[in-house]
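> Submitted below is the structure of interest, expressed as structure tokens.
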Amino acid sequence: MNCNELKSLSLPNSLIKIDDNAFTNCQKLVNLVLPKNLTYIGHQAFSSLNSLYEVIIPLSVTYIGESAFSELQRLTIYCEADSQPEKWSPIWTTNPNVVWGYSK
């Protein structure tokens, strides 16, 4: 949280949970790769990242907390799921740029 020098983040595939507010206000973060085994993204985990342009949410993610991806005006979110899973917060993002059913 509030790490002003973090520019790129590639998390290991062994990571399955990202806690609440983990990367909130990391203003210089431009590259984010979420692990393919990730299942949980906490509340406001990636909010207020003004430099981030895209992120791919793997199909393995079964839970996303409230405002996990909020205040990200430039961000396009690519979701491997075809539609919003039941355990994702109804307000997991305020961003209108969400692509469902994404595959590489």
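The values are calculated or read from the model by the stated rules, or taken from the named source; none is laboratory data. Computed from a prediction, not measured in an experiment: that's the story for all the values here. Quick reminder, even Gly has a Cβ in these numbers, built from the backbone with ideal geometry, and neighbours come from all protein chains shown. The protein model used for the area step is the full one, side chains on, heavy atoms only, and it has no ligands, DNA or RNA in it. Shrake-Rupley method; radii C 1.70, N 1.55, O 1.52, S 1.80 Å.
> Please go through the stretch 47-57 and give me each residue that is outside any strand (DSSP E or B) and open to solvent by 10 Å² or more (accessible area, probe 1.4 Å), ordered by number.
Once the filter is applied, which keeps residues that are outside any strand (DSSP E or B) and open to solvent by 10 Å² or more (accessible area, probe 1.4 Å), the stretch 47-57 yields Ser48, Asn50, Ser51, Tyr53.
> Open to solvent by less than 50 Å² (accessible area, probe 1.4 Å) and touching a Lys or Arg at 6+ places or on another chain (Cβ under 9 Å): does that describe Leu38?
The answer is yes for Leu38.
> Right, next: Restricting to the stretch 12-28, count the residues that are part of a loop (DSSP other than H, G, I, E, B) and within 12 Å of the chain's Cα centre (by Cα).
Selection size over the stretch 12-28: 6.
> Right, next: So Val33 clears everything in (1) exposed (fewer than 14 other Cβ atoms within 10 Å of the Cβ); (2) in contact with an Asp or Glu (Cβ under 8 Å, 6 or more places away or on another chain) except one condition, right? Which one?
All conditions pass for Val33, except number (2).
> Name the single residue that is most open to solvent (accessible area, probe 1.4 Å) among those in the stretch 93-104 being within 23 Å of Leu15 (Cα to Cα) and at pLDDT below 95.
Per the criteria, the residue is Lys104.
> Restricting attention to the stretch 63-91, which residues are closer than 18 Å to Thr39 by Cβ, in a loop (DSSP other than H, G, I, E, B), in contact with an Asp or Glu (Cβ under 9 Å, 6 or more places away or on another chain) and open to solvent by 10 Å² or more (accessible area, probe 1.4 Å)?
If the condition is that a residue be closer than 18 Å to Thr39 by Cβ, in a loop (DSSP other than H, G, I, E, B), in contact with an Asp or Glu (Cβ under 9 Å, 6 or more places away or on another chain) and open to solvent by 10 Å² or more (accessible area, probe 1.4 Å), then Ser89 is the only one that fits.
> Pairs under 7 Å by beta carbon, first residue at pLDDT below 85 in the stretch 7-21, partner in a loop (DSSP other than H, G, I, E, B), six or more apart or different chains?
So the pair list comes out as Lys7/Lys28; Lys7/Leu29; Lys7/Val30; Leu9/Leu29.
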